[in-house]
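Peer 1: Have a look at the structure that comes next, please.
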Amino acid sequence: MSEPAPKAAMPADLAILQQELVISQSTTSQKCMASGALAALAEKVYESACGADEMECSTEGSVDPATSTAIECRICLQRGQGSQRFGVACANLAAAYASSCFVVMRILEGGQVQAWNDRCHACEEPWRRIHVASAILSVNGICGDIKRMQQELETSTTVNLTFCNPPSVLCLYSVLRAASTGTELPSPHLFWRENAKRLLTEHGMQMQMRARSLQLNVSKAATLSVIVTTSPVPSNPSTEMLDRVLASMQLVPGLGSAPKIIVCDGCKCVPPGYKTNHKAGKVTIEEAQRYHQFIDRLREKSSECSCEDAFFGSQVLSLSDHHGFGFAVKAALDHITADYVLVVQHDQEFIAGFDLQALLETMSLHPGVVKYVGLPSVSTLNYDHAMRSKYGLALHCSSEFGVPLTPLIFFYDKPHVCSTTHYRNTIFGPGSPVQKGDFIEETLGVAEREDILQNGMEAHAKYGTFQLDYRDRSDRQLAVIRHVNGRAFLSPEQRVAKGWTATLRFVV
């Protein structure tokens, strides 16, 4: 029997880059390349690569990206005032993978990152260098919120960064290719995912929850189901936007495994030449066709997913005609037996974890008081100050019920946890202003605000609307969710077709 042919040796440049990445995964002092040479080598290898399959064969046996874990590094960078830059070009690639972070596309000449890498070269500390394709997980303690992280990089003269370097050339190649072309990034190549998930979860659990000190006890554990509403958007039939929303739920302990109903609102085709109105469910024939393809893809993902998949525990409910947000939720409630529902729109994603169990315990112990809890977004931060300034109302955050809550005088459609009993008996109960085709906030929400402004906070009790107060260690209010904007969202393929980059980019 003949012996198997030996594997071909890796090309010299690829082998050198592979070695540089390998030594960056160990905190052992050893000689390493300077910044400019390393960045040039990475660019050369990427541009000369024929494809992921060839590169996988070339690097076989060196590092297994499916099992290797990228180490996490933390550094502090400083720059002068004025126009001096940190010197990196970044892409927002990772939001679709439940780990909102930046990836480094290029390291610029003369910037602080290059100077830092050269110091690491001189000190023989390869693991502290920032590589091309590195994933920046947090900036000055902020993680998950891409806009705030970018703002910190653009405005701060000193930044504390947490990042992971790619553990192999194959990972580096896959990240750069995905960011440049919109090609799907294989799950094993998400070398930063576990680190990012841990950071975001820890960040969310830093909230000052008095519920734990109160040792809350509930005779029966509260049950929760998730309702995700969707309707036609320009990115159909791509499921990427909804993929991002469902994947982001993994940041909240216990939420990823909760039962989910994805309710797809119906739509009506308008004749050629007539004006469309997506809010009213009026779309073109082509848009309707792409939407139905999108629904078919959702059904496939829901039926074929594993327990680790973002679609785990989901079922798809497709409505035959246009119901509007309110009645789409009402239709989903007919399939739910849980005590509480978390209602999420298809373009609202989580950027931080929070103590969901403590929130459910609070609502279970005070069902007649806390009926609805909205999750904070950028638009509702410092809500108490806004209401005092606009209406002269004195609203105060309190932890008397367990978790820190601020009264709301408005029912927001954006992500919220609500009692199913309250939904059925009040929001959709007798005399409710919510009709088919309506948004709840535009009907009941407006009615609640007018009632409270006219009759005072005594009228608030019938609505029981609150917002979770979420803060970091320095007592700053933070957002838990962010709006992706479904009507403007484009898949990477659509972005490339328009001649744009597959991912959003910026230089600092």
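The values are calculated or read from the model by the stated rules, or taken from the named source; none is laboratory data. Predicted, not measured: the structure shown is a model, and the values here were computed from it. Because the Cβ atoms are built from the backbone with ideal geometry, glycine has one as well, and the counts that use them run over all protein chains shown.
Peer 1: Within the range 146-158, can one find any residue that is surrounded by 17 or more Cβ atoms within 10 Å (Cβ to Cβ) and over 21 Å from the mean Cα position of the chain (by Cα)? If you could, list the steps in order and put the result at the bottom.
Peer 2: Step one: of the range 146-158, the residues surrounded by 17 or more Cβ atoms within 10 Å (Cβ to Cβ) are 146, 148-150, 152-153.
Subsequent filtering for residues that are over 21 Å from the mean Cα position of the chain (by Cα) retains none.
No, because not a single residue in the range 146-158 is surrounded by 17 or more Cβ atoms within 10 Å (Cβ to Cβ) and over 21 Å from the mean Cα position of the chain (by Cα).
Peer 1: Could I ask something else about it? Under 7 Å between Cβ atoms, which residue pairs at least 6 apart in sequence (or on different chains) link something in the range 126-142 that is surrounded by fewer than 24 Cβ atoms within 10 Å (Cβ to Cβ) and of a type in the set (Gly, Ala, Ser) with a partner that is assigned to a loop (DSSP other than H, G, I, E, B) and modelled with pLDDT of 95 or more?
Peer 2: Going by the 7 Å Cβ cut-off, there are no qualifying pairs.
Peer 1: Scanning for something at positive phi, crowded, with 17+ Cβ neighbours inside 10 Å and over 23 Å from the mean Cα position of the chain (by Cα), does the range 307-326 turn up at least one residue?
Peer 2: yes
Peer 1: Tally the residues that are free of Cβ contacts under 8 Å to residues at least 60 places away in the same chain and among the β-branched types (Val, Ile, Thr), restricting the search to the range 300-336.
Peer 2: Result for the range 300-336: 1.
Peer 1: Answer yes or no as to whether Val434 is part of a loop (DSSP other than H, G, I, E, B) and modelled with pLDDT of 90 or more.
Peer 2: yes
Peer 1: Ok, one more. Determine whether the range 405-422 contains at least one residue that is farther than 14 Å from Gln467 by Cα, in contact (Cβ under 8 Å) with a residue 24 or more places away in the chain and among the charged types (D, E, K, R).
Peer 2: no
Peer 1: Under 6 Å between Cβ atoms, at least 6 apart or on separate chains: pull out the pairs that start in the range 159-174 with a residue that is within 22 Å of Gln112 (Cβ to Cβ) and assigned by TED's automatic domain parsing to the domain that holds Ala39 and end on any residue that is hydroxyl-bearing (Ser, Thr, Tyr) and part of a strand (DSSP E or B).
Peer 2: Thr162/Ser138
Peer 1: Can you name the residue in the range 342-385 that is of a type in the set (D, E, K, R) and either within 21 Å of Gln477 (Cβ to Cβ) or free of Cβ contacts under 8 Å to residues at least 24 places away in the same chain (or both) and, of all such residues, is surrounded by the fewest Cβ atoms within 10 Å (Cβ to Cβ)? Walk me through it before giving the result.
Peer 2: Residues of the range 342-385 that are of a type in the set (D, E, K, R), as a first pass: 347, 349, 355, 361, 371, 384.
Next, only the ones that are either within 21 Å of Gln477 (Cβ to Cβ) or free of Cβ contacts under 8 Å to residues at least 24 places away in the same chain (or both) stay: 349, 355, 384.
Numbers: Glu349: 26, Asp355: 22, Asp384: 17.
Filtering first and then ranking leaves Asp384.
Peer 1: Sort through Asp413, Asp469, Asp451 and tell me the only one that's out of contact with any Phe, Trp or Tyr (no Cβ under 7 Å at 6 or more places or on another chain), closer than 22 Å to Tyr340 by Cα, of a type in the set (D, E, K, R) and at pLDDT 90 or above. Even if it seems obvious, please write down each step before you answer.
Peer 2: Numbers: Asp413 fails: out of contact with any Phe, Trp or Tyr (no Cβ under 7 Å at 6 or more places or on another chain); Asp451 fails: closer than 22 Å to Tyr340 by Cα.
It is Asp469.
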